[in-house]
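Structure first, commentary second.
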Amino acid sequence: MCPPEHFTVEYVINPWMDTSTPVDVELALKQWERLRETLVDLGHTVHVLPPRAGLPDMVFAANGGFVVDGTVYGARFKYPQRAAEAAAHREFYEAQGWTYVAPSEVNEGEGDFAYLPDAYGGTILAGYGFRTEPAAHAQAQDVLGRPAVSLRLVDPRFYHLDTALAALDDRTVTYFPGAFSPASQRVLRQLFPDAVLADEADALAFGLNLVGDGRHVVLNDEASGMAARVAAAGYVPVPVELSELKKGGGSVKCCVAELRH
Ligand code: ARG
């Protein structure tokens, strides 16, 4: 995770961002700290990446890479405003001893990649349409040695895979079908007949932008419908307030890059 010390909305690269909306950095930091404490209280280890001035979206740490079995497939950002974040993540991973593979294809890390270790022996789900290039899906598969299933995103409000789909545990996904092309919806139905389906209201409340650890589901507190759905599916919803970061077009999952040994 990376604290939102330099968080602002000074450019527009997704439909949620509006440069005329003021951002309360103090509140953003407070909310971010509560999220960090929540994950620690649930028993997780959180490493903190030092924020850099001039990179207002660095708080969205999920976009800095994609880690499977100790190997990091690095990020290469679509927009120049975020390009320099990739090197900061690379330094972190290399300093911590992870195997880092630099990408040649545009991809925004866990923003567009999800991993399900127990689905079909280990499956990568990969989004495209707005940010990550399909060529990066093939590259992730080559680097990580797991099948990558490409899913086409069609709604600009849900521009990253992690705004429309999440892993609840090692084999179960939840997603909003309307964010995907008809063919990708069919692929998802075929692979995950037992998925927890969400609706547009859940997705608009950033309810899919969640972090699940197999038991707990940490999610935006505005997503009360989604909290009810995951509770009905047997998980424990843990709501957190992240109203400030929503102004950048992100929520819980965007703030968390998961480290998989
Ligand atoms: N403003 C950032 C962007 O548009 C938000 C990124 C949100 N992160 C995510 N994993 N969905 O790139």
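Before moving on, here are some points about what is shown:
- Ellipsoid fit via the Cα gyration tensor, region 125-192: semi-axes of 18, 15, 11 Å, each the root of five times an eigenvalue, largest first.
- For region 106-150, diffusion coefficient by Stokes-Einstein and Kirkwood Rh (Cα), 25 °C, 0.890 mPa s, µm²/s: 240 µm²/s
- Between D194 and A228, the contour length at 0.36 nm per residue exceeds the alpha carbon distance by 10.5 nm.
- The calculated FRET efficiency for R171 paired with V40, based on their beta-carbon distance and R0 = 25 Å, is about 0.45.
- Cα-based Kirkwood hydrodynamic radius, region 77-157, one decimal, Å: 13.5 Å
- Dipole magnitude of region 115-189 about its Cα centre (Cβ charges: Lys, Arg +1; Asp, Glu -1), debye to nearest 20: 260 debye
- Sequence of M17, M58, M226, M1 once ranked by neighbouring C-beta atoms within 10 Å, starting from the fewest: M17, M1, M58, M226
- Under 5 Å between amide hydrogens, built in the peptide plane, is the criterion, and for V217 it picks out V236, V238 among residues at least 5 positions away or on other chains.
- Descending semi-axes in whole angstrom, ellipsoid equivalent of the chain, from the Cα gyration tensor: 24, 22, 18
- Rounded to 5, percent antiparallel among DSSP beta bridges of region 57-160: 55 percent
- Working from the Cα coordinates of region 1-140, the gyration tensor eigenvalues give, after taking √(5λ), semi-axes of 25, 20, 15 Å in decreasing order.
- Percent RCO, i.e. relative contact order, over region 123-213, from Cα pairs under 8 Å lying at least 6 residues apart: 27 percent
- Taking the charge dipole of the chain about its Cα centre, with +1 at Lys and Arg Cβ atoms and -1 at Asp and Glu Cβ atoms, the residue from F192, A83, A223 reaching farthest to the positive side is F192.
- Beta bridges by DSSP in the chain, antiparallel share as percent, to the nearest 5: 50 percent
- Between V59, V149, V187, the GNM of the chain built on Cα springs shorter than 10 angstrom shows V187 fluctuating the most.
- Considering only Y73, Y120, Y128, the mean-square fluctuation computed in a Gaussian network model of the chain, springs between alpha carbons under 10 angstrom, is largest for Y120.
- Charged-residue dipole, Cβ positions (Lys, Arg, Asp, Glu), region 1-112 about Cα centre, Debye nearest 20: 160 debye
- The charge dipole of the chain, taken about its Cα centre with unit charges on the Cβ atoms of Lys, Arg (+1), Asp and Glu (-1) only, comes to about 500 debye.
- Restricted to Cα atoms, region 31-90 shows a radius of gyration and a Dmax of 12.9, 36 angstrom.
- Spatially proximal aspartates and glutamates relative to K30 (Cα-Cα < 14 Å; intrachain offsets below 8 disregarded): E5, E241, E244
- Residue order, fewest to most beta carbons within 10 Å, for S251, S243, S104: S104, S243, S251
A short reminder: the numbers here are calculations on the coordinates, not readings from a lab. Remember, predicted model here, so these are calculated numbers, not experimental data. Every residue, glycine among them, receives a Cβ derived from its backbone with ideal geometry; neighbour counts consider all protein chains shown.
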